[in-house]
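Notes follow the structure.
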Amino acid sequence: MENCLSFKAIMKGVWLLFLFVFNYGVFANVAVAVSTNVSSRPAFINIGGVFSFDSTIGKVAKIALDAAVKDVNSDSSVLKGTKLLLTMQDSNCSGFTGIVEVLKFMETDTVAIIGPQSSVLAHLISHVANELQVPLISFSATDPTLSSLQFPFFVRATQNDLYQMNAVAEIVSHYGWRDVIAIYYDDDYGRNGIAALGEGLARNRCRISYKVGIPPLQLVSHDDITNILVKVMSQESRIIVLHANRGSGLMVFSVAKYLGMMDAGFVWIATDWLSSVLDSSSSHPSFTMDMQGVIVLRQHTADSRRKRDFFSRWNKLSGGSFGLSSYGLYAYDSVWLIAHALDAYFEQGGTISFSNDSRLTNAKDGKLHLEAMSIFDGGKLLLENILRTQFIGLTGPIHFISDRSLIHPAYDVINVFETGLRRIGYWSNYSGLSVIPPETLYMRPPNRTNENQKLYTVIWPGDTVQKPRGWVFPNGAKQLLIGVPNRVSFREFVTHVKGTDIMKGFCIDVFTAAVSLLPYAVPYKFIPFGDGHRNPSYSELVKSITTNKFDAVVGDIAIFTNRTKAVDFTQPFTESGLVVVVPFKKLSSSGWSFLRPFTFEMWSVTCVFFLFVGAVVWILEHKQNSEFRGPPRKQLITILWFSFSTLFFAHRESTVSTLGRLVMLIWLFVVLIINSSYTASLTSILTVQQLYSPIKGIESLRRSDEPIGYQVGSFAEQYLIEELHISKSRLVALGSPDEYAVSLQRGPKKKGGVAAVIDEGPYVDHFLSSHCKFRTVGPEFTKNGPSLETLP
């Protein structure tokens, strides 16, 4: 978190700074011995603090540091009689002033410096700390590029923005958004924080689609902020991450409110600069009206009795003029960190001594008096003790891991609403997003599954609990040119509304519903294809994609092999195939209806089998059974009577031979089946209306030479000619359902009539829903389906 102003080109003025300091005698009267030795347990130890007293963080830190020093000095068990002397210098939100104030500590044998507050100043002062071996303990410099390799004497006693940006990235991913806009304060703190955000988003398959920096406050105006936000409004994404400081951040929210960017549809995620501003306010500030629905991160500090007691003391310490933020707690713990490290340092026999740098001593003939700058001899040992120190502070466990980050980085996720702040969950590097405090999760195995990533309900901008979509159609974005067939028949599927740019129909409804579910914007424009007088050729429509006339095509387009070689199809959204539609006539009942259950061939075969079985039984029985003997005329009558009487199980003759009985057993079972089938068919004929058509399916239609109708523009024509080898002279193009009906009613014998119509299943279903004199025969004979759209 940053709250100070600094110069971008501050490094260019470092030598000018030294010239200013030494020419005006800052160190002129400092008498420094080559080696100044003090007892191992001195009465007083000098530590310094540098930050901006009038900043949001600085006001809180100043009181917290004073309170910490008093608490340490009153606790004899820590330094065992040694007292800390804290000297605080005001950097006045200036990088130049900050460097001057830090250099002043060199004349007072300062062993450690708490600060700097600004990441920009931390980059500069860390070079001095490296040379003079004085540890810098910062409670607010969060820039992730402040590396321990480059700045070994810099110690970050707060959370690294690397983790904060990971938290932001996981919040974005949790809600299913993919693109974000980053607005940041244009300095090391802002730029490097947003770089870390980009890396975190990439790990979650998201990205920064647009980013813009805010110039330093002395260079930025209300109009500048307005211009920035107007550019942001022209972007597709509505997810905005604001990584700034108090002055620039509050100005952004004020302008955003004026521009309507705090209304429904927008999502604002602010880093912990905003939580420190809100927490430091003594009461609910009026400016929160400009930021209703904002999601804010706050550095998580574990709940404890010591923390609650300190909050109780705070009103007395601050006089009730402002609240206590997490940075104030980290500032307090920084003093105790130094105290515990010094205690361990003295236990190891360390002493407070300073030595001149030989490189600076050789330059004493100049006018800069560089020899006045001395090196802390025990700096490395003290640094090691700082990094090894472990204790429980107001913020929770203070313990540095291998990369010098504090253990268990975590953040509170807060929602700003009309009456205050509401915590909706937590983020921890251990287990991600959760509504359970991190301290509880640390006692469980880590679990980062999607089911365990949870937050409470958010009140979004616009006072709604419905999750914003996160994007809009960007202004001026290139539109996809989408071809749509301008049908004149079956307009319920897709058509162009004459005199307008509107396309409507079932296919259009499916397309727009699918687009609305996408997590990103797809600008498009429908362009009708066809003259509006007859259905266009769908093959030509698909071909127009390959010629770059259209970027995509939406419509009732069938998928078959030749088309898939040229374009890609989406998944079909309805089953389809070619079917045969024919007229039919009703068969009425008559006196001869009893013959209709069986065909002539079936009746003939049945009679032959009756006679055959009678003959077989006579052959097997006449030698042993007297009932099958007698004159030839009698035997012939017996055979005929016996055969047909078995149909009704009324035969009188008995069988005595084993083979005869076996044949009769089988035959009676067959007769039972014939009787049952005949009875069922006759019952159906006499009770159910019978429909008849001489065409039974596509095969019977192929064998005939009768005309066949098809829909204009359909692929059916090509399929019938190329796949089924039906002569083109037999095909009749029909343009509408009414033409289907008229041609089928005329029949194949009249001019313009057809024996059947072949079309795709969805069209046939729609046709039959209003024309009950026709029906389909046979099964579908293709396995293709219409697609929502085709893409090159």
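Annotations
- Put simply, of 151, 105, 96 the only residue that is in a loop (DSSP other than H, G, I, E, B) and modelled with pLDDT under 95 is 151.
- Tallying residues that are in contact (Cβ under 8 Å) with a residue 40 or more places away in the chain and closer than 28 Å to residue 177 by Cα within the stretch 208-228 yields 1.
- Filter pass, residue 417 being in contact with a helix residue (DSSP H, G or I) (Cβ under 9 Å, 6 or more places away or on another chain) and either surrounded by fewer than 13 Cβ atoms within 10 Å (Cβ to Cβ) or assigned by the TED database to the domain that holds residue 289 (or both): yes
- Of the numbered criteria (1) closer than 12 Å to residue 184 by Cβ; (2) open to solvent by 10 Å² or more (accessible area, probe 1.4 Å); (3) more than 20 Å from the chain's Cα centre (by Cα); (4) among the small types (Gly, Ala, Ser), the one residue 244 fails is (2).
- The stretch 210-229, subset among the hydrophobic types (A, V, I, L, M, F, W, C) and touching a Leu at 6+ places or on another chain (Cβ under 7 Å), residue farthest from residue 252 (Cα to Cα): 217
- Considering residues of the stretch 226-241 that are aliphatic (A, V, I, L, M) and either modelled with pLDDT of 95 or more or touching a strand residue (DSSP E or B) at 6+ places or on another chain (Cβ under 9 Å) (or both) only, the residue most open to solvent (accessible area, probe 1.4 Å): 228
- Filter result (open to solvent by 60 Å² or more (accessible area, probe 1.4 Å) and at pLDDT 80 or above) within the stretch 681-707: 696, 699, 702, 703, 705
- Residue match in the stretch 721-736 (condition: touching a residue at least 40 places away in the same chain (Cβ under 8 Å) and either assigned to a helix (DSSP H, G or I) or touching a Pro at 6+ places or on another chain (Cβ under 7 Å) (or both)): no
- Enumeration of residues in the stretch 459-481 that are crowded, with 21+ Cβ neighbours inside 10 Å and part of a strand (DSSP E or B): 460, 471
- The set of residues in the stretch 533-584 being at pLDDT 85 or above, under 20 Å from residue 719 (Cα atoms), part of a loop (DSSP other than H, G, I, E, B) and hydroxyl-bearing (Ser, Thr, Tyr) consists of 537 alone.
- Residue 76 in the same structural domain as residue 51 (by the TED database), open to solvent by 10 Å² or more (accessible area, probe 1.4 Å), small (Gly, Ala, Ser) and more than 15 Å from residue 335 (Cβ to Cβ): yes
- Number of residues in the stretch 438-458 that are out of contact with any His (no Cβ under 7 Å at 6 or more places or on another chain) and either surrounded by fewer than 17 Cβ atoms within 10 Å (Cβ to Cβ) or free of Cβ contacts under 8 Å to residues at least 12 places away in the same chain (or both): the value is 14.
- Considering the stretch 199-214, and only residues there that are of a type outside the set (D, E, K, R) and assigned to a loop (DSSP other than H, G, I, E, B), the residue that is farthest from residue 471 (Cα to Cα) turns out to be 204.
- Taken as a whole, the condition of being out of contact with any helix residue (DSSP H, G or I) (no Cβ under 9 Å at 6 or more places or on another chain) and surrounded by fewer than 21 Cβ atoms within 10 Å (Cβ to Cβ) does not apply to residue 522.
- For the stretch 720-735, the set of residues classified as open to solvent by less than 40 Å² (accessible area, probe 1.4 Å) and either among the charged types (D, E, K, R) or outside the structural domain of residue 755 (by the TED database) (or both) consists of 730 only.
- For the stretch 742-785, the set of residues classified as surrounded by fewer than 21 Cβ atoms within 10 Å (Cβ to Cβ), in contact (Cβ under 8 Å) with a residue 24 or more places away in the chain, of a type outside the set (Ser, Thr, Tyr) and assigned to a loop (DSSP other than H, G, I, E, B) consists of 747, 748, 753, 771, 773, 778, 779, 780, 781, 783, 785, listed by residue number.
- Filtering the stretch 616-626 to residues that are assigned to a helix (DSSP H, G or I), surrounded by 15 or more Cβ atoms within 10 Å (Cβ to Cβ) and not β-branched (Val, Ile, Thr) leaves 618, 620, 621.
- Hits in the stretch 552-586 - residues which are surrounded by fewer than 16 Cβ atoms within 10 Å (Cβ to Cβ), of a type in the set (D, E, K, R) and either over 23 Å from residue 486 (Cα atoms) or touching a strand residue (DSSP E or B) at 6+ places or on another chain (Cβ under 6 Å) (or both): 565, 568, 585, 586
The values are calculated or read from the model by the stated rules, or taken from the named source; none is laboratory data. Note that the structure is a prediction, hence the values are computed from the model and not measured. Glycine gets a Cβ as well: all are built from the backbone with ideal geometry, and neighbour counts include every protein chain shown. In case anyone asks, the SASA skips ligands and DNA or RNA and just uses the protein heavy atoms, side chains included. Shrake-Rupley method; radii C 1.70, N 1.55, O 1.52, S 1.80 Å.
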